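Trainee: The following block contains the structure, expressed as structure tokens.
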């Protein structure tokens, strides 16, 4: 029975510690986003590899910090004891400290609520995590399926090219190249035995230079072991699915990873135009279901940024939504730090005032004891020596009254001091709350403006995309018309060739007829001469 109780207690401590780890990860994620934004600003002119390594370091530090937070909370939960307030506390003292304790009482209420409801928090988190875990498992199963079903070996030429590129990039693993009927874009599957899957007909439908650029990009993922990091990101995103700071840093990490592979491919090909054309060739295609595969083109909204970066060699900083998120994160993190600091300062002030009150309470019985002792000695003095001088009795009474007056003054001064401290702290809290409210209102207004601008940009993007689609269709019609004109020109050229051959035949036939006519004329002339001679 005791064994079951200990197991239940340990499980309860683990659940509470894990719940608090999830709660602490929110402000840790805000701090991570702020630091990551500052790092991106400072490293704007740096290479993609340097920026990726910095983002990966921050990402891993967040994971490590969350683990240490869980261990700390587990130890604190196991060793903590509930300290209740003594029931015989002075009501006047509690009323004096009520305003001083407002922030700390709110924090204590918040802590008590989440500690008491840790199983509920854990259950809600586990339901969503279970759903995401099922998606992760289904993605792994899908990757295994596309790796083994409807796959075909390409020509010997491309197999040799993959082997050659692997040697240039220093890849020691055996990389297999296959054509797949499932995927719509090139993708890398597997870590220990990587496989590059290319859509069927892709290698024969694109120029050789573009296909080579795609293969180099995918081989760069294999060389950098991006499959493992990508899997780790998906696990972290499943655990901290509610943390906007971590999700944003993970998105930046994925973009910088694609930039690194783009740079590797460009270093080998030295053909920016061809690589950009390869990217544009896939702008209408996406890979569905490959959650752990490393796809070539990325998302649609990222394609333009990649093309711009390749052509202009300039790293993009923040979009409008990212700027709003960065500002809100800074404000929220500032509020958390300010609240914690104010609560800490108030706790220190309360402890100091309580010490002063305890000192006064300690000295109060001593003064009363001194007065009682003075009265007792006075009675004894009257019994022993009644004829004592009146001046000594008067002096004793004056001393007693002076002690009482001093004690009353000390109590009044303490009460006034406590009242002044409470008023000052209330004024500080009111001013600080008003300032924070103004800052939040300004942030909300800015967010509304940014949202309106984002809607306008989205509408403009839709119009541009529609116009681009019209231009593409018109270009396709022009291409088809040019193809028809070329075919017609080829037919005309062939007909002209036939006419020229026929004309040559007619000329030869005319030459033969003329020669025959000449022969007949000569023959007739010869006959005429022969008849004349006869």
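The values are calculated or read from the model by the stated rules, or taken from the named source; none is laboratory data. Please read all numbers here as calculations on a predicted model, not as lab measurements. Note that we place each Cβ from the backbone using ideal geometry, even for glycine, and neighbour counts take in every protein chain shown.
Trainee: Can you tell which of 217, 221 is surrounded by 20 or more Cβ atoms within 10 Å (Cβ to Cβ), part of a helix (DSSP H, G or I), in contact with a strand residue (DSSP E or B) (Cβ under 6 Å, 6 or more places away or on another chain) and in contact (Cβ under 8 Å) with a residue 60 or more places away in the chain?
Mentor: Checking each option against the conditions leaves just 221.
Trainee: Also, I was wondering about something else. Within the stretch 218-233, which residues are touching a helix residue (DSSP H, G or I) at 6+ places or on another chain (Cβ under 6 Å) and modelled with pLDDT of 90 or more?
Mentor: Selection gives 219, 220, 221, 223, 233.
Trainee: Here are some residues: 497, 509. Which one is more than 30 Å from residue 303 (Cα to Cα), in a helix (DSSP H, G or I) and modelled with pLDDT of 90 or more?
Mentor: Exactly one of 497, 509 is more than 30 Å from residue 303 (Cα to Cα), in a helix (DSSP H, G or I) and modelled with pLDDT of 90 or more, namely 509.
Trainee: Here's something else I'd like to know. Within the stretch 192-213, can you find the residues that are surrounded by 16 or more Cβ atoms within 10 Å (Cβ to Cβ) and outside any helix (DSSP H, G or I)?
Mentor: 194, 195, 196, 197, 198, 199, 200, 206
Trainee: Name every residue in the stretch 123-144 that is within 16 Å of residue 188 (Cβ to Cβ) and either surrounded by 13 or more Cβ atoms within 10 Å (Cβ to Cβ) or out of contact with any strand residue (DSSP E or B) (no Cβ under 9 Å at 6 or more places or on another chain) (or both), in order of residue number.
Mentor: Correct list: 139, 140, 142, 143.
Trainee: Kindly establish whether residue 275 is out of contact with any strand residue (DSSP E or B) (no Cβ under 9 Å at 6 or more places or on another chain) and part of a loop (DSSP other than H, G, I, E, B).
Mentor: no
Trainee: Please list, ordered by residue number, the helices (runs of 4 or more DSSP H) wholly in the stretch 48-148 having 2 or more residues that are within 24 Å of residue 6 (Cβ to Cβ) and modelled with pLDDT under 90.
Mentor: It comes to 48-79, 102-116, 118-148.
Trainee: Separate question: Only one of 279, 266 is assigned by TED's automatic domain parsing to the domain that holds residue 222 and at pLDDT 80 or above; which?
Mentor: On inspection, the qualifying residue turns out to be 266.
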